[in-house]
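I have placed the structure first, in the form of structure tokens, so that the comments after it can refer back to it.
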Amino acid sequence: MSDPLFARFGREYPPGEVLFREGEAGEVMFVIQSGAVRISKAVGSEGKVLAVLGPGEFLGEMAILNGKPRTATATVVEPTRCLVIEARTLEQMVARNAEIALRLIKKLAKRLDSADTLVEILMHKDPKARVMLALARHADAFGEHTDDGIRIRTTAADIAREVDVAQEVADEVMRQLHRLRLVTEEAGSLLVADVDRLQDFLEFLEMPQKFGGES
């Protein structure tokens, strides 16, 4: 069955193609139908991965809503199909359909919460805790629910750069979580078996600091 929306607005992108770059003017937004797109931001001399978005997510909306340059770079990481929506078309959709407007508002609010959470994570003194908190953040904000858990389209290396920890620390945390059957590494992604158990494990590790680390 043909998809009338894709026939009108759709485009296909190969891995490695850049949808937009940080600092560019933004004239369109993208709605991902299939595949995945990495969102990264330049920090100093390196790029930090903020999120990897999958089907149902949208990106690039802020630049056309506020008229400011792109705040991040979007790169396709696997064969991807997107709806490409121009600013005028988005305005018409929002004006005609309250459900679209509400969904847009909810998504923007969730992303704001996720950004606030990242700031709190970066203030945490324990590097291992930062890795686990980042895992929980990605699962909550960008995770894809599957029968086996929540799939996060990111890697331990991306998380290490995101929360400013050494690669060896992130790898050690992943090995420990793997032994506990909380996280499984897949090709280019991580599978979190149970976010609640991950949070419980983190709280258990922090207990000695809470009760024995103060004088």
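Only the coordinates and a few stated rules stand behind these numbers; no lab work does. As the structure is a prediction and not an experimental result, all values here were calculated from the model. Reconstructed Cβ throughout: ideal geometry from the backbone, glycine too, with neighbour counts over all protein chains shown.
Helix 98-122 and the longest principal axis of the Cα set of the chain meet at an angle near 30°. Farthest toward the dipole's positive end in the chain, which of Leu135, Leu5, Ala42, given Cβ charges of +1 (Lys, Arg) and -1 (Asp, Glu) about the Cα centre? Of the candidates, Leu5 comes out farthest on the positive side. When the scattering of the chain is computed by the Debye formula from its Cα atoms alone, each counted once and equally, what is log10 I(q)/I(0) at q = 0.16, 0.17 Å⁻¹? Reported log10 I(q)/I(0), two decimals: -1.13, -1.24. Cross-link partners of Lys41 among lysines, defined as those whose alpha carbon lies under 22 angstrom from its own and excluding same-chain residues fewer than eight positions apart: Lys68, Lys107, Lys110.
Please work out whether region 1-106 counts as rounded, prolate or oblate from its C-alpha gyration tensor, where a ≥ b ≥ c are the square roots of the eigenvalues and a/c under 1.5 means rounded, while otherwise a/b larger than b/c means prolate and anything else oblate? The shape class here is oblate.
Packing, taken as the mean count of other beta carbons within 10 Å per residue, orders the peptides 138-147, 89-98, 158-167 from highest to lowest as 158-167, 138-147, 89-98. Summary value for region 4-96: 44 percent relative contact order, contacts being C-alpha pairs under 8 angstrom separated by 6+ residues.
Indicate the gyration tensor shape class of region 20-65 (rounded, prolate or oblate), computed on the Cα atoms with a ≥ b ≥ c the square roots of the eigenvalues: a/c under 1.5 is rounded; otherwise a/b larger than b/c is prolate and the rest oblate. Oblate is the answer for region 20-65, as a/c is 1.5 or above yet b/c matches or exceeds a/b. Each 10 Å bin from zero up to the one holding the largest Cα-Cα distance in region 86-186 carries the following percent of pairs: 14, 37, 25, 15, 8, 0. If only the Cβ of Lys and Arg carry +1 and only the Cβ of Asp and Glu carry -1, the dipole of region 4-96 around its Cα centre is close to 120 debye. With runs of 4+ DSSP H residues as the only contributors, calculate the mean residue ellipticity of the chain at 222 nm using -39,500 (n - 2.57) per run, divided by the residue total and rounded to the nearest 500. After summing the helix terms and dividing by residue count, I get -15000 deg cm²/dmol. Under 5 Å from the amide H of Gly26 lie the amide H atoms of Arg70, each residue being 5 or more positions distant or on a separate chain, with H modelled from the backbone and absent for Pro and chain starts. Dipole of region 4-96 computed with +1 at Lys/Arg Cβ and -1 at Asp/Glu Cβ about the Cα centre; of Val31, Leu53, Gly67, farthest Cα towards the positive end is Gly67. Amide H contacts of Phe20 (H built 1.01 Å from N, in plane; Pro and chain starts excluded): Ala74 sit under 5 Å, all sequence-distant by 5 or more or on other chains.
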